């Protein structure tokens, strides 16, 4: 089934709104092969962050990016302890093993995502074919500190899958 699915990054943008609290050192994609693109992000939180609110907004491209199904806010410190939100759980499972962003609060110092690539087997439910952007807004103490916008393509060719249960 791997060759029947294209699930890869197409763009990655990072922006810090408060460089006295969060600084990006690296924010880039690197093509490894025609079907695999890795994401590297390296930033530093300069002061302890104990109250972190994260908002995930998924957009689907259709004559520009339009909001699509997901607009979720989570208490990140609570989520890391209790894993309470199903949408955040899916997103977190995609990058967890590539990151040091997997401990409880407070967050401070280097925050690294290294060699992260998308794997369709990590999705609980497949997406409709198309281009998407996941906007993640990071708030510390109720103030936006930085954004990460991740664009990706998901395409599944059903004629190449092993599961031919349709008529």
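Give me 147, 157 ranked fewest to most by other Cβ atoms within 10 Å of their Cβ, as a rough exposure proxy.
On the way: 147 15, 157 11.
With the fewest neighbours first, 147, 157 line up as 157, 147.
Normalised by the residues of segment 14-156, what does the relative contact order come to in percent, with Cα pairs under 8 Å and at least six apart?
About 30 percent, as a whole number.
Over segment 14-156, what per residue volume does the convex hull of the Cα atoms give, in whole Å³? Provide the component values of the computation, followed by the final result.
Values: hull volume 16.5 nm³, N = 143.
Roughly 115 Å³ of hull volume per residue.
List 91, 136, 32 from most exposed to least, where exposure is judged by having the fewest other Cβ atoms within 10 Å.
The fewest-first ordering by Cβ neighbours comes to 32, 136, 91.
Rounded to the nearest 500 deg cm²/dmol, what is the calculated helix-only ellipticity per residue at 222 nm for the chain, with -39500 (n - 2.57) per DSSP H run of length n ≥ 4?
Numbers: 2 runs with 17 residues, N = 167.
It comes out at -3000 deg cm²/dmol, rounded to the nearest 500.
So what's the angle, to the nearest 10 degrees on a 0 to 90 scale, between helix 86-95 and the longest Cα principal axis of the chain?
Roughly 90 degrees between the two axes.
What FRET efficiency comes out for residue 78 versus residue 157 if R0 is 41 angstrom and r is the Cβ-Cβ distance? Round to the nearest 0.05. Mind showing how you got there, number by number?
Details: r = 40 Å, r/R0 = 0.97.
Using R0 = 41 Å, I get an efficiency of 0.55.
Would you work out if segment 20-70 is rounded, prolate or oblate? Take a ≥ b ≥ c from the square roots of the eigenvalues of the alpha-carbon gyration tensor; rounded if a/c is under 1.5, else prolate when a/b is larger than b/c, oblate otherwise. Write out the running numbers ahead of the final one.
Working: a/c = 2.96, a/b = 1.25, b/c = 2.36.
Note, shape of segment 20-70 comes out oblate.
Values quoted throughout were computed directly from the atomic coordinates according to the rules given, and no laboratory measurement underlies them. Bear in mind the structure is a predicted one, so any value in this text is a computation, not a measurement. Every residue, glycine among them, receives a Cβ derived from its backbone with ideal geometry; neighbour counts consider all protein chains shown.
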